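Each remark here refers to the structure printed beneath this line.
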Amino acid sequence: ISVDSGPGEAPSSTGVRSALSPSLSLSLVFSESESLEGHHIAIMSTARGLVWKDLSAEDVANVTAEADPSAKLELLCKVLQLNHYADNARSAILADFCLYNLTFCEENDFSAEKTSALFSILRLTFEYSFEGAVPVDMRASLAFFKGKMLEHSVENPPERVGVFTLQEVRLVTDYIGKT
């Protein structure tokens, strides 16, 4: 958090801004004569579910703009910080899975917001299914996926955000059933 004030001026509520994350907002209310010392600062998320969790709008644009599949995969691995794609089977499987999911989003003209949300939902589902200490069966994986899709298909803040339409949910569910 940084406090902006002019020379010799006390910080004001309009002079405080958050450098934590674009999805966080910060609100302080105090008079010009008060200092920040001793104030409890509340930070609340303004994020829309998993939108922008793994891929920013810029990441989506950069990766989808790349026409060459090998270069696209390399760029995606860089964004995801998958440094051992070539020599680690798990990283290779995850990277390929993510690339196919992005291709699905491109083929269905999903917006950057929808692409980012679906990308994160599917990545979390992958991690839930394969990275836990206890093996997860297909039924549990599907239930996890459906729960995340439901969280992103109905506008009911703060628990749910309406990113996907019913038609898109069906389209994604059909895709997942074949993946």
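Against the definition (of a type in the set (D, E, K, R) and at pLDDT 95 or above), how does Glu106 come out, yes or no? Write out each step before concluding.
Numbers: of a type in the set (D, E, K, R): yes; at pLDDT 95 or above: yes.
Criteria met by Glu106.
List, please: which pairs have Cβ atoms under 9 Å, are six or more places apart or on different chains, and start with a residue in segment 125-139 that is on the phi > 0 side of the Ramachandran plot and at pLDDT below 90 and end with one that is outside any helix (DSSP H, G or I) and open to solvent by less than 100 Å² (accessible area, probe 1.4 Å)?
none
Would a scan of segment 80-102 turn up a residue that is polar (S, T, N, Q), out of contact with any Asp or Glu (no Cβ under 8 Å at 6 or more places or on another chain), on the phi > 0 side of the Ramachandran plot and at pLDDT 90 or above? Please lay out each step first, then the result.
Residues of segment 80-102 polar (S, T, N, Q): 81, 83, 88, 91, 101.
Checking the rest, the ones that are also out of contact with any Asp or Glu (no Cβ under 8 Å at 6 or more places or on another chain) come to 81, 83, 88, 91, 101.
From what's left, on the phi > 0 side of the Ramachandran plot: 81.
Okay, now just the ones that are also at pLDDT 90 or above, so 81.
Yes, segment 80-102 contains at least one residue that is polar (S, T, N, Q), out of contact with any Asp or Glu (no Cβ under 8 Å at 6 or more places or on another chain), on the phi > 0 side of the Ramachandran plot and at pLDDT 90 or above.
Residue by residue through segment 140-179, note down the ones that are of a type in the set (Lys, Arg), at pLDDT 90 or above and either in contact with a Ser or Thr (Cβ under 9 Å, 6 or more places away or on another chain) or crowded, with 17+ Cβ neighbours inside 10 Å (or both).
Of the residues in segment 140-179, the ones of a type in the set (Lys, Arg) are 146, 148, 160, 170, 178.
Among the residues that remain, those that are also at pLDDT 90 or above are: 146, 148, 170.
Once the filter is applied, which keeps residues that are of a type in the set (Lys, Arg), at pLDDT 90 or above and either in contact with a Ser or Thr (Cβ under 9 Å, 6 or more places away or on another chain) or crowded, with 17+ Cβ neighbours inside 10 Å (or both), segment 140-179 yields Lys146, Lys148.
What number of residues within segment 103-139 are open to solvent by 60 Å² or more (accessible area, probe 1.4 Å), in a helix (DSSP H, G or I) and within 14 Å of Val60 (Cβ to Cβ)?
1
Looking at segment 58-77, I want the residues that are closer than 11 Å to Ala112 by Cα and have a partner that is among the acidic types (Asp, Glu) and part of a helix (DSSP H, G or I) with Cβ atoms under 7 Å, at least 6 apart or on another chain. Which pairs are those?
Within 7 Å, the pairs are Thr64/Glu106.
Just need a number here: residues in segment 59-88 that are open to solvent by less than 70 Å² (accessible area, probe 1.4 Å), aliphatic (A, V, I, L, M) and in a helix (DSSP H, G or I).
9
The values are calculated or read from the model by the stated rules, or taken from the named source; none is laboratory data. In this text, all values refer to a predicted model and were calculated from it rather than measured experimentally. Ideal geometry is used to build each Cβ from the backbone, glycine not excepted, and the neighbour counts take in all protein chains shown. Please note that ligands, DNA and RNA were not included when accessible areas were found on the heavy atoms of the full protein model with its side chains. Shrake-Rupley method; radii C 1.70, N 1.55, O 1.52, S 1.80 Å.
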